[in-house]
Amino acid sequence: MTPNPYLWLIPILPLAGAAINGFFGRRSSKQAISAVALVFCGAAFFMALLVAWGFSSASAPYYYDLTHWIRSGSFQVDFSFYLDQLSLVMLLVVTGVGFLIHIYSVGYMWDDDGYYRFMSYMNLFMFFMLTLVLAKNYLVMFIGWEGVGLSSYLLIGYWFTKDSAAAAGKKAFIVNRIGDCGFLIALFLMIKHFGSLDFTRVFSAVRPLGPETTGAGLLTAIGLLLMVGAAGKSAQIPLYVWLPDAMEGPTPVSALIHAATMVTAGVYMVARSSAIFERAPMAMTVVAIIGTLTALFAATIGIAQTDIKKVLAYSTISQLGYMFMACGVGAFSAGIFHLMTHAFFKGLLFLAAGSVIHGIGGEQDMRKMGGLRVYMPWTFATMGIATLAIAGIPPLAGFWSKDEILWKAFGASWVYWLIGVVTAFITSFYMFRLMYMTFGGEYRGAAAQEAHGHAAHGHAASTHGHGEPHESPWVMLGPLVILAVLSVVGGFVGYGNQFEHFLAPAFQGAAREVAQETSREAPDSTLEHLLMGVSISVAGLGWLLAYLLYSRRPQLPARIAASLGGLYRAVANKYYIDELYAVLFVNPVVDGSTTILWHGVDQGAIDATVNNSASAARHVSDSVRHMQSGNLRSYAGWVAAGGAVVIAYMVWMGVR
Amino acid sequence: MVPLSYYLLLSGILFVCGVLGFLIKRNIITIFMSIELMLNGVNLSFVAFAAHWHALSGQVFVFFVMVVAAAEAAVGLAIIIAVYRTRETLNVDQVNLLKL
């Protein structure tokens, strides 16, 4: 391993930006705030490129020990950073996409009163995310892990005067705590059994252990607990419920945190722990099953959503499911590949959706959009590219990575593959539905309503004081265009398994697997092409179906929905999962806290003890205070009586 | 020679007279004099014991008590004069502001 002192600068730079904007932003001009935020974030990107320069698949990992932290006997944890092929991919994605979204935010949030606060939080997020990605041990990773959770909470609840935003922030934070609890227990197990949290030390302790094929042991437990943490952070079943609500945050936040970077931290963590998962087949199976189910489940919910950001949120959950499916079948590099392309096209989708929302004055309901391709051609073009990419149309980025995952999943079991293909069909359908509802047909927004009598809705849809939809400024379109280019070409890095070979040193434990995989691959190339054809055709079918339903016969979907009745209502209401959780977990906790903890313990025991001792003291004093009458002779009487008592006592006991 | 018990009896009588006067009388000056009476009752027992045991420390102690009593008389009379000037009375039952 080679020491590289630049490593620690990468996370520290955005922290400096966050501190400057956080402390001095209130009195600075917006130009100065933007400059600080962009310069520090851009500097981190620049440093990342500098570090990445000349780092190839053959390079030994870089590391840098910043300072000591915990030294207790043989157990030690330092603030140290680490960069191998896996963290390099994450580093470039986070800094690159993050920088683009920072630029976009300047345009999107310019008119907001808390501009400096927003930019400060964004930089703070970058700091924690880079800490997470560059950590050399699990504890530093955990700092980043918790820190991005904090930034996520701050940014979801950014418009905290809105009740729903504040509640969504709390929900995200609390659901993440459940996952973090699992992650922490996994760390405790590692400390107990391996005596270290350092990646290299833990993995070298794990490496001699055989796979736990018979029964579940320590590695299975650690793997499952890590997966609990990953499920919380990456919004997998059963902890995905916070992500759709997180759309209450500003759209750049949704793009940066809840699509491109933070929610993929779980995938990164599982991939990073590949050495552990490799030796715990049962945990791997659980990861694969959770990923597969989440992919399908979230995609079906996405069909019936009408809020443009909610569709994208469920789409994100679904795509994250793909990544976990890949990790679960041992194709970690395929999962990371999809993570990267997903960061491009899903970041782009969210930014484009933000551009739409910005352009029509804050409206998010797709039923009030339509026909926007005329008003905002650039947004339409870039979002179209992203849609093609996510739907898996070749040769765009999403096709390569998704097909890689499906192919690897087929190698594990055809069930994963089948569900993956069905999900791909649904994905294609709801994404093109979104496109047709937003950009196709006629505009159904403020202008259309004005014709019908505008009093009720007219002003709500045009809060910026413009009835006509308009294209966004170039500061917002620039990032869209760059991400669109990346969404087109991003997939080619995976051509001929280059990406997999690049990442191979990071998955040394999985090297054996890869060798097997490639040996199996060669004779099955016709099968691979067949499967590729299937996934392309289902993507095309999804597009066709969306075209028929939402462009050709726009009145048809409502009739289908009506004929499906209960099923449609269940899907539109997200399968009532939130309501179920409310009954099962939230209400018991709230009721228990109210009756037992609040009324019982707090008011009944703690408050009562304090209040009763106070009133007891008052009552005693009330009776005693009459002694202090101010009458000198009664005082004298008390003195004399006291003296008499003392003398009587001495006489009684006998003076010695 | 007069036995020790006589002195002690007289000393006790003087002290009890002082206590009773202190408790019963309302005039501050009378109360003040009662305190002096108590002090002198105690002084008497001190010198009686000193004579009986042929120890000088009792006598020395009496001098101390007399010095303190003189100081106390000076301060006390000053307070009494101050009280009379402000309250125009020497009845302790009317000087009853010494409370919360």
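Each reported figure results from applying straightforward, stated rules to the coordinates on display, with no laboratory input. On a predicted model such as this, the values are computed, not experimentally measured, just so you know. Quick reminder, even Gly has a Cβ in these numbers, built from the backbone with ideal geometry, and neighbours come from all protein chains shown.
Values as computed for the structure displayed
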quantity: Set of lysines with alpha-carbon distance to A:LYS192 below 24 Å, sequence-local pairs under 8 removed; calculated: A:LYS136
quantity: Region B:36-100, relative contact order [Cα under 8 Å, separation at least 6], %; calculated: 21
quantity: Spin-label model distance (nm) - A:ARG553 vs B:ILE29, 7 Å beyond Cα toward Cβ; calculated: 12.4
quantity: Ordering of B:81-89, A:411-419 by burial proxy (mean other Cβ atoms within 10 Å per residue, highest first); calculated: A:411-419, B:81-89
quantity: All Cα pairs of region B:4-94, percent lying beyond 21 Å; calculated: 41
quantity: Helix axis angle, A:9-24 relative to chain A longest principal axis, alpha carbon, degrees; calculated: 60
quantity: Gain upon complete extension [A:SER164, A:SER204; 0.36 nm per residue less C-alpha separation]; calculated: 9.7 nm
quantity: Inter-chain shielding of A:630-638 (mean C-beta neighbours from other protein chains, 10 Å cut-off); calculated: 5
quantity: Label point distance in nm, A:MET1-B:LEU4, each placed 7 Å from Cα along Cα→Cβ; calculated: 9.2
quantity: Cα-based Rg / Dmax (Å) for chain A; calculated: 30.4, 117
quantity: 10 Å Cβ neighbours from other chains, averaged over peptide A:639-648; calculated: 1
quantity: Segments A:587-593, A:163-169, A:79-85 sorted - mean Cβ within 10 Å per residue, highest first; calculated: A:79-85, A:163-169, A:587-593
quantity: Per-residue HN-Hα couplings for region A:350-361 [Karplus 6.51, -1.76, 1.60; θ = phi - 60°; Hz; x = Gly/Pro]; calculated: 5, 5, 5, 4, x, 4, 4, 4, 4, x, 10, x
quantity: Highest to lowest packing among A:131-140, B:63-72, A:530-539, scored as the average C-beta count within 10 Å; calculated: A:131-140, A:530-539, B:63-72
quantity: Gap separating the Cα centres of region A:277-315 and region A:521-597, nearest whole Å; calculated: 10
quantity: Between 0 and 90°, nearest 10: helix A:632-653 axis offset from chain A longest Cα axis; calculated: 80
quantity: For region A:200-244 and region A:1-69, distance of Cα centres in Å; calculated: 30
quantity: Relative contact order of chain A, defined on C-alpha pairs under 8 angstrom at six or more residues apart (%); calculated: 12
quantity: Average beta carbon contacts from partner chains per residue of B:18-24, 10 Å cutoff; calculated: 3
quantity: Using θ = phi - 60° and Karplus 6.51 cos²θ - 1.76 cosθ + 1.60, couplings along region A:106-121 (whole Hz; Gly, Pro as x); calculated: 4, x, 6, 9, 3, 7, 7, 5, x, 3, 5, 5, 4, 5, 5, 5
quantity: Karplus-derived HN-Hα couplings along region A:194-202 (A = 6.51, B = -1.76, C = 1.60, θ = phi - 60°), whole Hz, x at Gly and Pro; calculated: 10, x, 7, 10, 5, 3, 5, 5, 4
quantity: Which of A:TYR108, A:TYR575 has the fewest Cβ neighbours within 10 Å, and the rest in rising order; calculated: A:TYR575, A:TYR108
quantity: Residue-count net charge about A:ILE33 - beta-carbon cut-off 15 Å; Lys, Arg +1, Asp, Glu -1; calculated: +1
quantity: Shape category assigned to region A:57-150 from the gyration tensor of Cα positions, a/c cut at 1.5; calculated: oblate
quantity: Region A:154-306, relative contact order [Cα under 8 Å, separation at least 6], %; calculated: 30
quantity: Dipole-positive endmost among B:GLY21, A:TYR62, A:SER472 within the protein assembly as shown (Cβ charges, Cα centre); calculated: B:GLY21
quantity: Shape parameters for region A:600-656, alpha-carbon atoms, Rg then Dmax in Å; calculated: 19.7, 57
